[in-house]
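Some notes on the structure that comes next.
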Amino acid sequence: MEFCQGLEEDCVFRFLQSLRYYLLYMQNFRRKAIKRDPKYWGFDVGNLDRKVRPQDDFYNYANGGWIRKNKIPPAEARWGTFTMLRYTTEQQLKNIVEDLLQSRRPSGSGPRPKRRGKHFKKGTPEQLIADMYRSAMDTARRDKLGHHPLLAWRKDIQNITSKKEIVGHAARMHRLGGLAFWELELDQDAKNSNRYLLHLVQDGLGMPDREYYLSHATEQKRVREAYKAHIKKLLRLFGFAPAAAEQAMRTVMKIETHLAKISMPKEETRDVEKTYNKKSLTTLMRELPQIDWREYFALLDAGAERLPAQAGEVVVAQPKFFRGLGRLFDNIPLQDWKIYLEWHCINSFAPLLSQKFARASFNFYGTVLTGSKKMRPLWRRALGSVNTNVGDALGKRYVQKHFSKGAKKQMEALVRNLFVAYEVRIKKLDWMSAATKQKALHKLHAMNRKIGYPAQWETYRGLTIRPDDYFGNVLRSREFEHCRGMRRLQKSVNRHEWFMTPQTVNAYCHFNLNEIVFPAAILQPPFFDSRADDAVNYGAIGAVIGHEITHGFDDQGSKFDAHGNMHSWWTKKDSAYFVKKGHLLTRQFNQYEVVPGVRANGKLTLGENSADLGGAAIAYDALQRRLVKTGRKVVAGFTPEQRFFLGFAQGERELARVEFTKTQAFTDPHAAAPLRVNGPASNLPAFYEAFNVKKGDKLFRTEKNRARIW
């Protein structure tokens, strides 16, 4: 750039802008070249492993070539379709943030934002994004502060003189997203979806699940010993002497083990009926008098005047846990509770402190639990803070740049086709009575579909974000969201609300709202590719859409009606038959070994496995409807049906570290990636026909052992 020397800054800006437009032009040119390539159909046959028979292991047949050619990056616990697309999305978001920081005008975003000096006008979305990112990137200041942001918290805990005062600390932690005994959630009333209720949920553990405290299996013991070392490491960083850190660790483990013993098993926490226990404030105070609940809710800005009618109702998800917690409050000395609270204050906020604290936190929650070798680059962590704390501000800019109206229309058409296919399948079910079918169809027709981005964007009016206060920014953001939630308690339910930002590579089904949601970021290749073959798209994004629809009818979603209210709309006979079919799927997945010595948990993963099976079946039916209009053809030697299953397998393509796979098996309601392909395929008649699966093949299951639900 020697020829720019001596020119004014604006000249340099125009040159860089011209260069950027040229690069965009070349990018578009390459895209068009791909579009014109008649051989492109959305699946690379070089990713196949033709040494594997599809009838024996379809996951590795479809993905084995890719698995051989790829390695998991050091900063990742797994690497595959979802993770790679998330990485691509992060790069897109990084460009947007850097455009802001460099005062460049992103293409298609309108006039350049107004700035005040070197900073954007206070309170604007641009200022919130830029200063949250800047503060997270400022490790020099975070290192200089060290653990000082927590000293006031420590002093408050040390000044506690009675167990009754503990409620004040718990409320403060819950306002700011920290951990203390239980978790507070604002959600709809499962039996009256038009109103909000506060939910009290068991919590208080530093490890992911109760079994890490109670089991003597090799993996749980390994993690338990690492957690003990993690406690001592963080406490030493905070200034504890070695002997004091050792004693504090023993106290924390004693208390958390007691909490683990009274915690509901993870398999039962999925049961929406077992976790719906509505209680009045009066009843709650009588059953757990050790906590001054009136004071607690008042400190949360959720006093009796804001609690719903009927003398202030709340949902207690696990009554046994809270009764046990009351007994622990009586029996454990105050000084031990103070040590426990101090530990969780440090552990909750460690990632927000200096690099030493952040690395120590990563070493346990990243390396020990998931196998990741190194922390993600600072820019990715900073971007994560922007997404978490002011996500809609960044999401609006992301949608403007990366999600067209045309893509939204294509998705809407595809979703409509899936709904038609689901309706046809419900009508043809041979095990469901006419009365239940009518109600199932009513629920299906009422299911709302949100695609791409929200109709109403969240605003952050009143939130203060500073470029030099990362710790304060995160805590203020969390309290801002908490207060927003408390204000909703006496308002009607906001049915326009999204629970994921548009830049999230994921999707979800919400039982109480009876809706399915697909953020813009997942509507990209390889899930949805406008240049790809229809069969591949239906196998990928079609199965995702079908998966989310099916969640509304899985073992838990089926307990909610068309209005999102939990009550039984099944005949007793149909309900019994449905549960029986679910048991078949549970038994199947219980037989899978994910790594030597560790089996899948069929009960924990039943909902996701049901959705995988139903999603693939419905997407396949929808493809058949599509083929009637477009015609059938063989591509690269594969029929449309075979290409569908290749797209389905490509959507779950993944390499995972052993540590991650174990943690997933113990705690995650999703099965491991190979099981999410081979499991459904082995139950689908369409797969048997597409690849000529016969008795003796490893994926063959007898008719009586095939799970067929929807």
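Just a yes or no: is a residue in segment 219-231 touching a residue at least 60 places away in the same chain (Cβ under 8 Å), of a type in the set (F, W, Y) and not in a helix (DSSP H, G or I)?
Among the residues of segment 219-231, not one is touching a residue at least 60 places away in the same chain (Cβ under 8 Å), of a type in the set (F, W, Y) and not in a helix (DSSP H, G or I), which makes the answer no.
Restricting the search to segment 680-710, which residues are of a type in the set (D, E) and assigned to a helix (DSSP H, G or I)? Quick ask: steps written out before the conclusion?
Quick first cut of segment 680-710, residues of a type in the set (D, E) only: 689, 697, 703.
Listed by number, the residues that qualify are E689, E703.
Assigned to a helix (DSSP H, G or I), surrounded by 19 or more Cβ atoms within 10 Å (Cβ to Cβ) and either of a type outside the set (A, V, I, L, M) or over 21 Å from the mean Cα position of the chain (by Cα) (or both) - does that describe any residue in segment 446-454?
Looking only at segment 446-454, we keep the residues that are assigned to a helix (DSSP H, G or I), and these are 446.
Keeping just the survivors that are surrounded by 19 or more Cβ atoms within 10 Å (Cβ to Cβ) gives none.
No, segment 446-454 has no match at all.
Across segment 662-710, what is the number of residues that are within 24 Å of Y508 (Cα to Cα), surrounded by fewer than 20 Cβ atoms within 10 Å (Cβ to Cβ) and either among the polar types (S, T, N, Q) or at pLDDT below 95 (or both)?
Going through segment 662-710 one residue at a time, the tally reaches 2.
Hey, can you tell me all the residues within segment 529-559 that are more than 30 Å from T639 (Cα to Cα) and either more than 22 Å from the chain's Cα centre (by Cα) or assigned to a helix (DSSP H, G or I) (or both)? Quick ask: steps written out before the conclusion?
Step one: list which residues in segment 529-559 are more than 30 Å from T639 (Cα to Cα), which gives 552-559.
Answer for segment 529-559, where residues must be more than 30 Å from T639 (Cα to Cα) and either more than 22 Å from the chain's Cα centre (by Cα) or assigned to a helix (DSSP H, G or I) (or both): G557, S558, K559.
Can you tell me which residues in segment 338-391 are outside any helix (DSSP H, G or I) and surrounded by 20 or more Cβ atoms within 10 Å (Cβ to Cβ)?
L353, S354, S372
Taking the stated definitions as given, is Y422 of a type in the set (S, T, Y), in the same structural domain as M132 (by TED's automatic domain parsing), surrounded by 15 or more Cβ atoms within 10 Å (Cβ to Cβ) and part of a helix (DSSP H, G or I)?
Answer is no for this residue.
Inside segment 415-443, can you point out the residues that are closer than 13 Å to I545 by Cα and either touching a helix residue (DSSP H, G or I) at 6+ places or on another chain (Cβ under 8 Å) or of a type in the set (D, E) (or both)? If you could, list the steps in order and put the result at the bottom.
Initial filter on segment 415-443 (closer than 13 Å to I545 by Cα): 415-422.
Scanning segment 415-443 gives V415, N417, L418, F419, V420, A421, Y422.
Is it true that some residue in segment 185-196 is assigned to a loop (DSSP other than H, G, I, E, B) and either under 25 Å from Q664 (Cβ atoms) or touching a Pro at 6+ places or on another chain (Cβ under 9 Å) (or both)? Steps first, please.
Kept after step one, since they are assigned to a loop (DSSP other than H, G, I, E, B), are these residues of segment 185-196: 190-191.
Among the residues that remain, those that are also either under 25 Å from Q664 (Cβ atoms) or touching a Pro at 6+ places or on another chain (Cβ under 9 Å) (or both) are: none.
No, every residue in segment 185-196 fails to be assigned to a loop (DSSP other than H, G, I, E, B) and either under 25 Å from Q664 (Cβ atoms) or touching a Pro at 6+ places or on another chain (Cβ under 9 Å) (or both).
This table checks each residue for (1) buried (at least 18 other Cβ atoms within 10 Å of the Cβ); (2) out of contact with any Pro (no Cβ under 9 Å at 6 or more places or on another chain); (3) under 16 Å from L85 (Cβ atoms).
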position: S492; (1), (2), (3): no, yes, no
position: T501; (1), (2), (3): yes, no, yes
position: A507; (1), (2), (3): yes, no, yes
position: F511; (1), (2), (3): yes, yes, no
position: F518; (1), (2), (3): yes, yes, yes
position: F528; (1), (2), (3): yes, yes, yes
position: G542; (1), (2), (3): yes, yes, no
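Check R86, R78, R50 and return the single one that is under 30 Å from E659 (Cα atoms), surrounded by fewer than 11 Cβ atoms within 10 Å (Cβ to Cβ) and modelled with pLDDT of 95 or more.
Details: R86 fails: surrounded by fewer than 11 Cβ atoms within 10 Å (Cβ to Cβ); R78 fails: surrounded by fewer than 11 Cβ atoms within 10 Å (Cβ to Cβ).
Of R86, R78, R50, the one residue that is under 30 Å from E659 (Cα atoms), surrounded by fewer than 11 Cβ atoms within 10 Å (Cβ to Cβ) and modelled with pLDDT of 95 or more is R50.
Any chance you could count how many residues in segment 579-611 are among the aromatic types (F, W, Y) and crowded, with 20+ Cβ neighbours inside 10 Å? I'd like the intermediate steps shown before the answer.
Of the residues in segment 579-611, the ones among the aromatic types (F, W, Y) are 589, 592.
Of the ones still in play, those that are also crowded, with 20+ Cβ neighbours inside 10 Å are 589.
The number of residues fulfilling the criteria is 1.
Against the condition in contact with a helix residue (DSSP H, G or I) (Cβ under 8 Å, 6 or more places away or on another chain) and free of Cβ contacts under 8 Å to residues at least 40 places away in the same chain, how does S558 come out, does it pass? Can you show your working first?
Values: in contact with a helix residue (DSSP H, G or I) (Cβ under 8 Å, 6 or more places away or on another chain): yes; free of Cβ contacts under 8 Å to residues at least 40 places away in the same chain: yes.
Yes.
The values are calculated or read from the model by the stated rules, or taken from the named source; none is laboratory data. Values in this document were obtained by computation on a predicted structure and should not be read as measured data. Heads up, the Cβs are rebuilt from the backbone with ideal geometry, glycines too, and the neighbour counts pull from every protein chain shown.
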